[in-house]
Amino acid sequence: MPAEAPTREYRSGSDQRTLRDALGSFATGVTVVTCVDSLGLPFGLTVNSFTSVSLDPPLLAVCIARGASCAPALLEAPHFAVNVLQTGQQPASIRFSTRDEDRFGTTPWSTSETGAPLLMDSLAVFECERHAVHEGGDHDILIGEVVRASFDPNLDPLLYFRGSYRRLHFG
Ligand SMILES: Cc1cc2nc3c(=O)[nH]c(=O)nc-3n(C[C@H](O)[C@H](O)[C@H](O)COP(=O)(O)O)c2cc1C
């Protein structure tokens, strides 16, 4: 029988890799957060730091790395969209997390009433008005007020766990 991997531990000041791996123990869905800038150019990036925040008012949050090239556009846009990906959209997730990709040129999308790009065939879409931006270390926490949400109950989610894409497994 192969030896079991030992439990690993991070303490403040020790290596960031272990902390990243510990955080990767939290399985998530995958989203692409999109907006247009003041010139109407589309921006978007893959994000799994998505969470619901409040029902009344309806708020959600995503954490955006300060260094991401689309961070300025996203943090300034009056509206943005959170596209929750389904299993067939793994290529879009890879494209929207890879530098120097033609992200929108090769992904089918449409424009929402608020102007934010919506990826076709997503599992769910949340169209948001910017509500607040809070500092969070090397990320900014972008809070949106949901003005419209839609979802397809027939699709399964794309998942992310321990640095790999996964699918739901019903045992
Ligand atoms: C599954 C997955 C989840 C990610 N989640 C986030 C996130 O929550 N916040 C973030 O800023 N970057 C996240 N990233 C990294 C960004 O997608 C990536 O760094 C970004 O697309 C680089 O954008 P830029 O080329 O516009 O700088 C994630 C990447 C992957 C593959």
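Here are the numbers for this structure:
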item: In region 24-75, chymotrypsin sites (Phe, Trp or Tyr not before Pro) in a DSSP loop with at most 14 other beta-carbon atoms within 10 Å; result: 26
item: Whole-number percent relative contact order across region 29-161, with pairs defined as alpha carbons under 8 Å at least 6 apart; result: 31 percent
item: Helix-only mean residue ellipticity at 222 nm for the chain, each DSSP H run of n ≥ 4 adding -39500 (n - 2.57), per residue, nearest 500; result: -3000 deg cm²/dmol
item: Proxy reagent accessibility, fewest Cβ within 10 Å first, across 165, 160; result: 165, 160
item: Spin-label model distance (nm) - residue 150 vs residue 121, 7 Å beyond Cα toward Cβ; result: 1.7 nm
item: Two-site FRET efficiency, residue 87 against residue 66, from Cβ-Cβ distance with R₀ of 35 Å, rounded to 0.05; result: 0.70
item: Gain upon complete extension [residue 113, residue 41; 0.36 nm per residue less C-alpha separation]; result: 24.4 nm
item: Longest exposed-site-free window of the chain, the sites being trypsin sites (Lys or Arg not before Pro) in a DSSP loop that have at most 15 other C-beta atoms within 10 Å; result: 100-161
item: Contour minus Cα-Cα distance for residue 3 and residue 17 (0.36 nm per residue); result: 2.8 nm
item: Additional length obtainable on full extension of the chain from residue 52 to residue 94, 0.36 nm per residue less Cα span; result: 12.8 nm
item: For 53, 36, order by how many other beta-carbon atoms lie within 10 Å, fewest first; result: 53, 36
item: Selected from 126, 151, 80 as most flexible by GNM, with the chain as the system and alpha-carbon contacts under 10 Å; result: 151
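A short reminder: the numbers here are calculations on the coordinates, not readings from a lab. As the structure is a prediction and not an experimental result, all values here were calculated from the model. Ideal geometry is used to build each Cβ from the backbone, glycine not excepted, and the neighbour counts take in all protein chains shown.
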